[in-house]
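Below you'll find the structure, written out as structure tokens, and then a few comments.
The values are calculated or read from the model by the stated rules, or taken from the named source; none is laboratory data. Since we're looking at a predicted model, the values are computed, not measured. So basically every Cβ, Gly included, is an ideal-geometry build from the backbone, and we count neighbours across all protein chains shown. When the accessible area is computed, the model is the full protein with side chains, heavy atoms only, and any ligands, DNA or RNA have been set aside. Shrake-Rupley method; radii C 1.70, N 1.55, O 1.52, S 1.80 Å.
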Amino acid sequence: MTENGLNGKIALVTGASRGIGKSIATKLGNMGARVAVNYNRSKDEAESLARLIPDSMAFQADVADRDQVNRMAEEIHSRMGKVDIIVNNSGYWELMDFVSYREDAMDRMFAVNVKGGINTVLAFLDDLKGKGIVVNIASNAGIGTAAPNTTLYSITKAAVIMLTKRLAFDLRDHHIRINAVAPGWVETDMTIGNKNSSEISDLEHYFRSRTTLNSVGRPEDIADVVAFLASDDSRYINGQVIVADGGRIDNLTHGI
Ligand code: NAP
């Protein structure tokens with residue numbers, strides 16, 4: 001990939017205060033982009049990150065709230081300019097057995113994971129027309145895994161995949177390129193939360209054993225794929241989902 005391939009570009013990365021989003025923002029910044037670092041609650045982390053990326057700034061918005069996203073768009077336009085690249089990374093999950101279904105949890109996951117992407121693309125649609133790029137962060141859960149207690153979250157990520165395909169189709173006359181990355185298990189606050197080291201080790205062992213590469217993911221593994229999709233190197237790719245999950249066995253074969 002061209003080292004300075006994003007020189008002159010402005011990229012908005014939602015949920016960039018921590019985890020995978022932080023790594024994506026750093027990578028795009030290293031490729032020359034100025035980055036609008038979105039956060040919802042982690043102000044200090046987002047502002048610290050923005051200081052590390054040249055000419056970048058942090059912006060607060062709950063992506064699930066359309067008014068907040070529209071307000072953030074106004075702020076980005078006045079303080080940075082028009083956005084060329086959007087990475088819809090913000091995500092929320094609650095693990096639960098299907099029979100323990102809670103409507104409030106489902107609603108929140110849908111609002112952040114699905115409506116968040118819709119709100120953001122709509123708020124920046126005029127910016128994107130002509131040559132804009134959108135990368136949605138889905139999940140291999142949205143394709144189908146046997147990971148326990150992820151049924152409801154998986155449904156929202158399947159919706160992200162369909163949103164990606166449909167937007168590539170619906171916005172084709174505006175020449176906006178829209179793709180998705182579907183990560184496998186990556187160790188972040190989302191997946192390890194408040195777990196102790198023994199629980200983390202068990203989780204890593206389980207998820208590693210489910211991959212053909214015998215490996216769990218790191219945020220950088222996902223950021224590198226996003227960087228490809230955000231760059232001109234992927235210019236002939238549209239409406240696709242790249243699965244970055246170490247070759248998850250569930251999706252490759254029946255049996256074992
Ligand atoms: P994480 O460590 O929990 O970080 C989540 C990020 O999303 C934080 O920066 C958080 O910001 C932000 N966020 C949450 N709700 C938001 C909202 N309503 N508005 C704006 N920002 C919001 O999660 P992660 O593991 O890095 O996940 C990043 C993305 O990858 C998510 O879409 C997730 O579903 C997806 N994914 C993760 C994995 C994995 O194994 N980790 C696997 C597949 C897919 P604040 O702290 O400011 O609230």
*If you scan the stretch 76-103, which residues turn out to be within 14 Å of the ligand (Cβ to nearest atom) and open to solvent by 80 Å² or more (accessible area, probe 1.4 Å)?*
LEU95
*Only residues that are out of contact with any Asp or Glu (no Cβ under 8 Å at 6 or more places or on another chain) and aliphatic (A, V, I, L, M): list them for the stretch 7-31, please.*
LEU12, VAL13, ALA16, ILE20, ILE24, ALA25, LEU28
_All positions within the stretch 1-60 that are under 24 Å from GLU74 (Cβ atoms), of a type in the set (Lys, Arg) and more than 9 Å from the ligand (Cβ to nearest atom)_ = LYS9, ARG34, ARG51
*asked:* Anything in the stretch 180-210 that is under 27 Å from PHE228 (Cα atoms) and either among the basic types (Lys, Arg) or more than 13 Å from the ligand (Cβ to nearest atom) (or both)? List them, or say none.
replied: ARG208, ARG210
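What about ASN70, is it closer than 18 Å to VAL135 by Cβ and either more than 10 Å from the ligand (Cβ to nearest atom) or surrounded by 19 or more Cβ atoms within 10 Å (Cβ to Cβ) (or both)?
In short, no.
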*Would you be able to tell me the number of residues in the stretch 49-92 that are in contact with a Gly (Cβ under 6 Å, 6 or more places away or on another chain) and either at pLDDT below 95 or over 17 Å from ILE24 (Cβ atoms) (or both)?*
1
